[in-house]
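The values are calculated or read from the model by the stated rules, or taken from the named source; none is laboratory data. It should be emphasised that the depicted structure is a prediction, and the values quoted were computed from it without experimental measurement. Neighbour counts run over all protein chains shown; Cβ positions are idealised from the backbone, glycine included.
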Amino acid sequence: MNQILSTNLKQNKKSPEKKSWFKFQFTFSLLIIMICLFCISSYFYHLQKEENFSDRLITNYNIYRLYSTPENNPQSESSNGLFGIIEIPKINLYYPVFSHLTEDLLKISPCKFYGDQPDINGNICIAGHNYDNSLFFSKISTLSVNDEISIFDNNGKQYLYWIYDIYEVSESDLSPILNYEEDEKILTLVTCNNFNSNRIIVRAKQKKLS
């Protein structure tokens, strides 16, 4: 009988300690969840802020084009810092493209980092972030051969391209930039594959309009 009472007393002594430990675990877990939720909310708020900025940029760009003429709006990228507009109807993509690339600009909209104007032979390379949520170039890997891409220059002229290749390369592979025929007009889109360190490449050729 004494042994049973002694055992019960020991169990009762341990019970508050267990409760205290479970309480600590619960509080700690709750704190971690709150921190994670805050980080996720901050991340999506930041993305939405950049998307809104890009939307305003499109609006301002279209107003600029509406009230300008070829005489006062020369085909010069330095006139407004923008290369033009890229549109891919299949994935509902429509963004202004900056005429050069910096880390800050790349957070706002796609950037041209190689090439000349669409009416000049060569390879126009445009990079865009992959946000995995339909922003910027996150869906270009779902495109198919023969899908169309449009580039609009600063005078509103449209250049049509058809996709002829989609593939991945390592982040140090420069072949998508440098490999092209001198008499061709090529468009190369570049974004990250967030599941590895590779780059997703979409290559398109300009259509010859009759």
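Within the stretch 123-149, the only residue that satisfies the criterion of being more than 9 Å from the chain's Cα centre (by Cα), more than 16 Å from Y164 (Cβ to Cβ) and touching a residue at least 60 places away in the same chain (Cβ under 8 Å) is I126.
Within the option set D132, D173, being exposed (fewer than 14 other Cβ atoms within 10 Å of the Cβ), on the phi > 0 side of the Ramachandran plot and out of contact with any Gly (no Cβ under 7 Å at 6 or more places or on another chain) holds for one residue only, D132. If you go through the stretch 151-201 and pick out every residue that is of a type outside the set (S, T, N, Q) and within 15 Å of the chain's Cα centre (by Cα), you end up with 7.
The numbered conditions (1) farther than 21 Å from K207 by Cα; (2) surrounded by fewer than 19 Cβ atoms within 10 Å (Cβ to Cβ); (3) among the β-branched types (V, I, T); (4) in contact (Cβ under 8 Å) with a residue 40 or more places away in the chain are all true for I120 except (1). Filter the stretch 187-210 for residues that are assigned to a strand (DSSP E or B) and farther than 17 Å from I140 by Cα and give the result. Hit for the stretch 187-210 is Q206, nothing else.
Scanning the stretch 135-151 for residues that are surrounded by 21 or more Cβ atoms within 10 Å (Cβ to Cβ) and either hydroxyl-bearing (S, T, Y) or at pLDDT 90 or above (or both) turns up F137, I140, I149, I151. Mind checking which residues of the stretch 166-186 are hydrophobic (A, V, I, L, M, F, W, C) and not in a strand (DSSP E or B)? If the condition is that a residue be hydrophobic (A, V, I, L, M, F, W, C) and not in a strand (DSSP E or B), then L174, I177, L178 are the ones that fit.
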